[in-house]
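A short write-up of the structure that comes next.
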Amino acid sequence: MKIIETVKEMQGIADDLRRAGKKIGFVPTMGYLHEGHLALVRKAREISDTVVVSIFVNPTQFGPTEDLDRYPRDFERDRSLLEAEKTDIIFFPDARQMYPERYATYVQVRGLEDFLCGRTRKGHFIGVATVVTKLFNIVKPHYAVFGQKDFQQLKVIERMIKDLNMDLEIIPYPTVREKDGLAMSSRNTYLNPQERERALLIHESIKKVTELFKNGIRDASILKEKAREVLLSKDGLDIEYITIADTETLEDIEIIKDKALYAVACRAGKTRLIDNTILMED
Ligand code: PAF
């Protein structure tokens, strides 16, 4: 497994691989890997000849009051986890490599950023779209695997690929959960035992909304109200949003026709957690 720290070297390797007819599979991450990331790496392994994983905590997607400085990092641990998954290359640039002096170019995917997390995390998706564009130009992948837990991020990237005619395929991957249902996230490590217990209410709300949907409830306001009751039970969580939205435009839906996204963002203590599911006829 190679560890590449410069843009130039990574681009050179990507060019050589492409010339040799190798399919490059890519998993962009901010490190502090968990089983959810490793599932994405396995998917990339399955469909490509060379697997590249980037580890870069991207400063442009954090707001001024967010957790950039305390974001968990452990390169040695990440390295051994990726080695065990037979990753070929870790791209591990520093901020100067990615954003050199006088850096001035940003990518904005309009519309999709106005909903869900974009309402409170102003500029977040500009940071994501910008760094992902840069990573695609550096790693030159044929496939890039993204988790559905960050559903809005996935939709922003899919839109960007189409709009900017980027020549690669985005592979969505289902959310990986702990045994008790908590969606895996690097931020779960911030939770103390009581907060972690309360965080399970998010999955409880998914189960509740899915059950009601299966029983024929299509009115989004009823589903959201029931979700709220679950999220606020047992000392509850601080709710940032509960949404029933169109799975493509992410706009709010009042009455669900065939399918919809149920998405929530909550805080357990200081830790912000998101989760979602697709409500769909069988
Ligand atoms: O999902 C993430 O970890 C990040 O948003 C990504 C895609 C690596 C961009 O920094």
Residue satisfying condition, being crowded, with 18+ Cβ neighbours inside 10 Å, within 16 Å of the ligand (Cβ to nearest atom) and farther than 16 Å from G36 by Cβ, within set F151, F115, F136
F136
Quick check on my filter: what residues within region 154-167 are among the aliphatic types (A, V, I, L, M) and within 14 Å of the ligand (Cβ to nearest atom)?
L154, V156, I157, M160, I161
Which ones in region 176-187 are touching a strand residue (DSSP E or B) at 6+ places or on another chain (Cβ under 8 Å) and within 23 Å of R73 (Cβ to Cβ)?
V176, A183, M184, S185, R187
For region 235-252, indicate whether the set of residues that are at pLDDT below 95 and farther than 15 Å from F115 by Cα is non-empty.
yes
Residues of region 1-20 being in a loop (DSSP other than H, G, I, E, B) and among the polar types (S, T, N, Q), in sequence order, are T6
What is the one condition in (1) within 13 Å of the ligand (Cβ to nearest atom); (2) within 13 Å of the chain's Cα centre (by Cα); (3) not in a helix (DSSP H, G or I) that I171 does not satisfy?
(1)
Would you check if there is a residue in region 118-126 being within 13 Å of the ligand (Cβ to nearest atom), of a type in the set (A, V, I, L, M, F, W, C) and at pLDDT 95 or above?
yes
Taking region 235-270 and the residues there that are part of a strand (DSSP E or B) and not hydrophobic (A, V, I, L, M, F, W, C), the one that is nearest to I206 (Cα to Cα) would be Y262
Looking only at region 73-96, decide whether some residue is among the basic types (K, R), in contact with a Lys or Arg (Cβ under 8 Å, 6 or more places away or on another chain) and exposed (fewer than 13 other Cβ atoms within 10 Å of the Cβ).
yes
Under 6 Å by Cβ, and 6 or more places apart or on different chains, what pairs join a residue from region 99-110 that is aromatic (F, W, Y) with one that is not in a loop (DSSP other than H, G, I, E, B)?
Y106/I126; Y106/T130
If you go through region 37-66 one residue at a time, how many are part of a loop (DSSP other than H, G, I, E, B), in contact (Cβ under 8 Å) with a residue 40 or more places away in the chain and of a type outside the set (G, A, S)?
4
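For every residue, the table says whether it meets (1) more than 22 Å from M184 (Cα to Cα); (2) more than 20 Å from the chain's Cα centre (by Cα); (3) of a type in the set (V, I, T); (4) buried (at least 17 other Cβ atoms within 10 Å of the Cβ).
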position: L201; (1), (2), (3), (4): no, yes, no, yes
position: T210; (1), (2), (3), (4): no, yes, yes, no
position: N215; (1), (2), (3), (4): yes, yes, no, no
position: L223; (1), (2), (3), (4): yes, yes, no, yes
position: I256; (1), (2), (3), (4): yes, yes, yes, yes
position: A265; (1), (2), (3), (4): no, no, no, yes
Test: I161 is over 12 Å from the mean Cα position of the chain (by Cα) and within 23 Å of V51 (Cα to Cα):
yes
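The values are calculated or read from the model by the stated rules, or taken from the named source; none is laboratory data. All values derive from a computational prediction rather than experimental measurement. Note that each Cβ is placed from the backbone with ideal geometry, even for glycine, and that neighbours are counted across all protein chains shown.
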